[in-house]
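Every number in this text was worked out from the coordinates using simple rules, so none of it is lab data. Note that the coordinates shown come from a computational prediction; the quantities given were computed from them, not determined experimentally. All Cβ positions, glycine included, derive from the backbone under ideal geometry; neighbour counts span all protein chains shown.
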Amino acid sequence: MLAKRIIPCLDVKDGRTVKGVNFVDLRDAGDPVELAWQYSEQGADELVFLDITATHEKRKTTIDLVKAVARQVNIPFTIGGGINEMRDAEILLNSGADKISINSAAVRNPQLIDDLAKAFGTQFVVVAVDTRLVDGKNYVHLRGGRDKTDIETENWIKEAESRGAGEILLTSMDHDGTKNGFDNGLLKKINDTINIPLIASGGAGNQQHFVDTFQQANVDAALAASVFHYGEILIPDLKETLRKNGIVVR
Amino acid sequence: MIGIVNYGAGNIFSLTAALDRIQVEHGMINTQEDFEKYSHIIIPGVGHAGAAMKKLQDTGLVDTILALQKPVLGICVGMQLMTSFSEEGNADMLNIFPVKTLHFDKRIGAKVPHMGWNSVREENNSPLFTDIPDNSYFYFVHSYFIEREESTVAATCSYDLDFAAAFQKNNFYGVQFHPEKSGKFGEQLLLNFSKF
């Protein structure tokens, strides 16, 4: 059976990971390549790197990072941040990235999804969506949840799918950072309307939260950052808990 | 030494990186003469099978590939090229294996593409899976699948239906998953192939 995926997300700035990590045997917690390798050894199914530098001047650092990860890590990875045009994506593909994630650039220019999917295949295009509840409705937000748009989240995700998104990474900004669990109500509603994989993001605080999102929303993958980086959840333990709850994992 | 057929279908950075990790030497095949330099051949491939077949035909290497006696491994779309026909672009393929490449869509209820880690059941004592436990997980990304045929199937995978995750016939082998992205078992499979 197809396994549910566990995806650690690494924030990268100027080629270094931003959040502190305290794995015992890690020589350099700020080195994204070593951290990535450590996660893959632990049993992570996939990795996401979010480049929060993402300016044109710093692009070369990101490309070097992607190449280094592709050389050393034997699981798939996605890179996001600062991808605004076809050329950005093509360079990352040729540097060894398996997928790219686009967020605001896709909202500003939805045609970019069509173009990327046509040129590189739908499997290469992850559309990341930041959502926040406003007056009882979920709206797409930009700039890490700071800027509200008038686009309803469900409509945007359906549009992204029809334009050729291969996967949706949905982050609930209301849940992100709370450690109170994923937004399973919204995730289930979205998951029931699309036929491409859905990655849950925002709110993971303990192992039960992962069990809940797989059981309640039946998402394909769950992503988290700090609970993994700070060693609060170890991936082998998490996989064991999921297995005990009848969830298929690798 | 492994030669990778360079016909412009997809990025091969990950494949060469995986071969580097297992310390298997490799190079690129661009011309008919290049085949002489290598003991093993890999046909990679990402994207549209019909378009990939067209690109392969444009290289003029098809007849040489069909006549090869060396071990040949097709990966993902590279495997699909070895079938008789693909519904992707309704195109004739190399016809090394008498099976077709079919679309998942409308044949299954599950999401398409089939993306992520799935377990495979080893079949016909395939040497591809030497030192790899049965039912190990490999990383798949595809919307088209290859029919499972009893005498040639090397591993079966289930995704609402059973399909060929790997096949073998004489010196020709194919895997639908991406060994270069499938952790240590993927690397073991590439290492096994390099020793055929």
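Dipole magnitude of the range A:5-244 about its Cα centre, charges +1 at Lys/Arg Cβ and -1 at Asp/Glu Cβ only, in debye to the nearest 20? Mind dumping the intermediate values first?
Numbers: 27 positive and 36 negative charges, 28 e Å.
In debye, rounded to 20, the range A:5-244 gives about 140.
When Rg is the radius of gyration of the Cα atoms in the range B:1-40 and Rh is its Kirkwood radius, what does Rg/Rh come to?
Rg/Rh: 0.97.
Sort B:SER86, A:SER201 so the one with the fewest other Cβ atoms within 10 Å of its own Cβ comes first. Working shown, then result.
On the way: B:SER86 24, A:SER201 28.
Ascending number of Cβ neighbours within 10 Å: B:SER86, A:SER201.
Toward the positive end of the charge dipole of the range A:152-250, about the Cα centre and with charges on Cβ (Lys, Arg +1; Asp, Glu -1), which of A:GLY177, A:GLY164, A:LEU223 goes farthest?
Result: A:LEU223, furthest along the dipole toward the positive end.
If the convex hull of the alpha-carbon atoms of chain A is projected onto planes in all directions, what is the mean projected area in square nanometres? Write down the numbers at each step before the final one.
Working: hull surface 49.4 nm².
For chain A, the mean projected area of the Cα convex hull comes to 12.3 nm².
Please compute the modelled spin-label separation between B:ASN135 and A:THR178, points set 7 Å along Cα→Cβ, answer in nm with one decimal.
In this crude spin-label approximation the distance works out to 3.9 nm.
Could you point to the residue in A:GLN208, A:ILE247, A:VAL126 farthest towards the positive end of chain A's charge dipole, with +1 and -1 charges on the Cβ of Lys/Arg and Asp/Glu respectively?
A:ILE247
Using 16 Å as the cut-off for backbone N distance, which residues of the range A:148-164 belong to the label zone defined by a point 7 Å from the Cα of A:GLN111 along Cα→Cβ?
Backbone N within reach: A:163-164.
Tally Lys/Arg at +1 and Asp/Glu at -1 over every other residue whose Cβ is under 13 Å from the Cβ of A:ASP130; what's the total?
Details: positive: A:ARG132, A:ARG143, A:ARG146, A:LYS148; negative: A:ASP147, A:ASP174, A:ASP176, A:ASP183.
Computed value for this residue: 0.
In debye, nearest 20: dipole of the protein assembly as shown around its Cα centre with unit charges on the Cβ of K, R (+) and D, E (-)? Mind dumping the intermediate values first?
Details: 44 positive and 58 negative charges, 61 e Å.
Dipole about the Cα centre, nearest 20: 300 debye.
How many percent of all Cα-Cα pairs in chain B sit more than 20 Å apart?
Working: 9581 of 19110 pairs.
I get 50 percent for the Cα pairs in chain B exceeding 20 Å.
Using Cα pairs under 8 angstrom and six or more residues apart, how large is the relative contact order of the range B:2-194, in percent?
On the way: 426 pairs, mean separation 38.6, N = 193.
It rounds to 20 percent for the range B:2-194.
With charges set only on the Cβ (+1 for Lys and Arg, -1 for Asp and Glu), what does the dipole of the range B:2-194 come to about its Cα centre, in debye to the nearest 20? If you can, show how the numbers build up before the last one.
Details: 14 positive and 22 negative charges, 63 e Å.
It works out to roughly 300 debye.
I'd like to compare A:162-170, B:93-101: which one has the highest average count of other Cβ atoms within 10 Å, and what's the full order after that?
On the way: A:162-170: 23.0, B:93-101: 19.9.
Listed from highest to lowest mean packing, they are A:162-170, B:93-101.
Hey, fewest Cβ within 10 Å first, where do B:ASP162, B:ASP58 land in order?
Numbers: B:ASP162 14, B:ASP58 11.
Going from sparsest to densest Cβ surroundings: B:ASP58, B:ASP162.
Please work out the FRET efficiency for the pair A:LYS118 and A:ASN155, using the Cβ-Cβ distance as r and a Förster radius of 22 Å; give the result to the nearest 0.05.
On the way: r = 22 Å, r/R0 = 1.02.
Between A:LYS118 and A:ASN155 the formula returns 0.45.
Where both residues lie in the range A:5-244, what percent of DSSP beta bridges are antiparallel, nearest 5? All intermediate terms of the calculation are to be shown ahead of the outcome.
Values: 10 of 41 bridges.
Restricted to the range A:5-244, the bridges split so that about 25 percent are antiparallel.
For a quick protection proxy, order the peptides B:19-28, A:97-106 by their average other-Cβ count within 10 Å, most packed first. Could the numbers behind the result be given before it?
On the way: B:19-28: 15.0, A:97-106: 23.2.
Descending mean neighbour count gives A:97-106, B:19-28.
Shielding of B:111-124 by partners, i.e. mean partner chain Cβ atoms within 10 Å per residue? List each step's numbers first, then the result.
Values: counts 9, 4, 8, 2, 13, 12, 12, 5, 5, 0, 0, 0, 0, 0.
For peptide B:111-124, the averaged partner shielding equals 5.
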